[in-house]
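Q: The structure that follows is given in the form of structure tokens.
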Amino acid sequence: MVAIAGALQHALDQPQSHHVIHTDSLTAIQTLASTQPKDNVHLNTHVLSLAQEVKEQGKHITLNWIPSHVGIRGNERADCASKHATKRPNVDMLIPPSLPQTKAKTCASSFPTQTQVMGGVVFTTSTWYAMATQYQPLSVDKAVPAHVRTYLHRLRLGYKGTRQMPDINKKEECQYCNEVSNEPVLHYLLRCPGTTTLRTVSPASPPTTASEASTAAAKLIPATPTAELVKLVSVRPPPR
Ligand SMILES: [Zn+2]
């Protein structure tokens with residue numbers, strides 16, 4: 001689109017009455033053909049207004065699509081020129097990011113919030129879910145009340161809960177033993193004196209890194225009989 005704008009600008013300054021602009025961007029042509037650009041509105045309307053000016057000079061513009069990378073001389077030269085332009089020391093044209101670019105950037109930057117780098121290993125909520133559920137649906141007796149099921153889901157969905165996402169270092173006090181921890185779910189599963197029934201077998205070697213602790217905690221869930229879990233969370237719900 002920037003190149004088309006450049007070509008139109010050039011056409012404005014030339015005496016010829018007919019100009020042909022070749023582009024390999026079908027998207028650009030389609031965008032210009034639409035009467036109401038929805039994205040990159042500033043650039044699109046700039047190109048359209050230049051085209052309008054050319055028309056007002058009584059000149060005629062043909063926009064021609066050509067396939068890319070097929071050895072058309074001018075096309076290859078344009079590719080070279082655009083590569084060369086990226087190496088300039090200064091930015092001489094600012095184009096605001098398009099809507100899809102903004103969306104992609106938002107997704108990419110929210111990813112670190114969803115993941116935690118623990119002991120050098122990225123431990124995600126999906127890692128937890130895989131370990132804690134082994135991708136099996138929760139199967140509990142019909143008599144188990146809904147709020148107890150919710151507690152079980154909370155443990156299965158795991159670490160860390162959405163409530164902690166905005167402030168990953170927020171500390172919370174355990175309601176059963178008053179220990180203050182910034183990983184209340186890990187504390188609940190691995191250390192809390194109020195949940196010893198979860199840990200009937202002591203691990204061969206206690207976890208040393210945060211990642212090992214998360215792994216050990218997640219694995220406790222499928223390792224504990226569901227009836228035991230139901231019994232525990234009914235009396236001592238897990239932290240939110
Ligand atoms: Zn505790």
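The values are calculated or read from the model by the stated rules, or taken from the named source; none is laboratory data. Since the model is a prediction, treat every value here as computed from it, not as a measurement. Neighbour counts are summed over all protein chains in view; Cβ atoms, including those assigned to glycine, are modelled from backbone coordinates with ideal geometry. Each accessible area value is taken on the protein alone, full model and side chains, heavy atoms only, with ligands, DNA and RNA left out. Shrake-Rupley method; radii C 1.70, N 1.55, O 1.52, S 1.80 Å.
Q: To the nearest 20 debye, what charge dipole does the chain have about its Cα centre, counting +1 at the Cβ of each Lys and Arg and -1 at the Cβ of each Asp and Glu? Kindly include the intermediate steps, with their values, before the conclusion.
A: Details: 24 positive and 16 negative charges, 147 e Å.
Charge dipole, the chain, about its Cα centre: 700 debye, nearest 20.
Q: Also: For residue 219, go through the lysines and keep the ones whose alpha-carbon is under 29 Å away, minus same-chain ones fewer than eight residues off.
A: Partners within reach: 142, 160, 170, 171, 231.
Q: Can you sort 156, 236, 73 by 1.4 Å-probe accessible area, starting with the largest?
A: Ranked list, largest accessible area first: 73, 236, 156.
Q: Moving on. Length gain on complete extension for the stretch residue 62 to residue 226, per 0.36 nm per residue less the alpha carbon to alpha carbon distance?
A: Roughly 51.9 nm would be gained on extension.
Q: Determine the shape class of region 2-96: with a ≥ b ≥ c the square roots of the Cα gyration tensor eigenvalues, call it rounded for a/c under 1.5, and otherwise prolate if a/b is greater than b/c, oblate otherwise.
A: Rounded, since a/c falls under 1.5.
Q: So, one more: Can you sort 107, 174 by solvent-accessible area, 1.4 Å probe, largest first? Display every interim value, and only then the final one.
A: Values: 107 90, 174 15 Å².
Listed by decreasing accessible area, they come as 107, 174.
Q: On to the next question. Estimate the FRET efficiency between residue 17 and residue 79 by the formula 1/(1 + (r/R0)^6), using the beta-carbon distance for r and 41 Å for R0, to the nearest 0.05.
A: Numbers: r = 29 Å, r/R0 = 0.71.
Once the sixth-power term is evaluated, E becomes 0.90.
Q: Ok, one more. To the nearest 10 degrees, how steeply does helix 146-157 sit against the main Cα axis of the chain, on a 0 to 90 scale?
A: For 146-157 against the chain, the angle is about 60 degrees.
Q: Here's something else I'd like to know. Could you work out how far apart the two model spin labels at residue 150 and residue 177 are, taking each label as a point 7 Å from the Cα in the direction of the beta carbon, and quote it in nm?
A: Inter-label distance under the simple model: 2.6 nm.
Q: Among 14, 208, 78, whose Cα lies farthest out toward the positive end of the dipole of the chain, if unit charges sit on the beta carbon of Lys, Arg (+1) and Asp, Glu (-1)?
A: 208
Q: Here's a follow-up. Can you pull the one-decimal nm distance between simple spin-label points at residue 69 and residue 35, each 7 Å off the Cα toward Cβ?
A: 3.7
Q: Can you give the accessible area per residue of region 23-106, in Å², using a 1.4 Å probe?
A: 78
Q: Let me ask something else about it. Among 85-91, 64-70, how do they line up by average Cβ neighbours within 10 Å per residue, starting with the highest?
A: Output ranking for 85-91, 64-70: 64-70, 85-91.
Q: Next up: Of all the accessible heavy-atom surface of the chain, with the other protein chains kept in place and a 1.4 Å probe, what percent is carbon and sulfur?
A: 58
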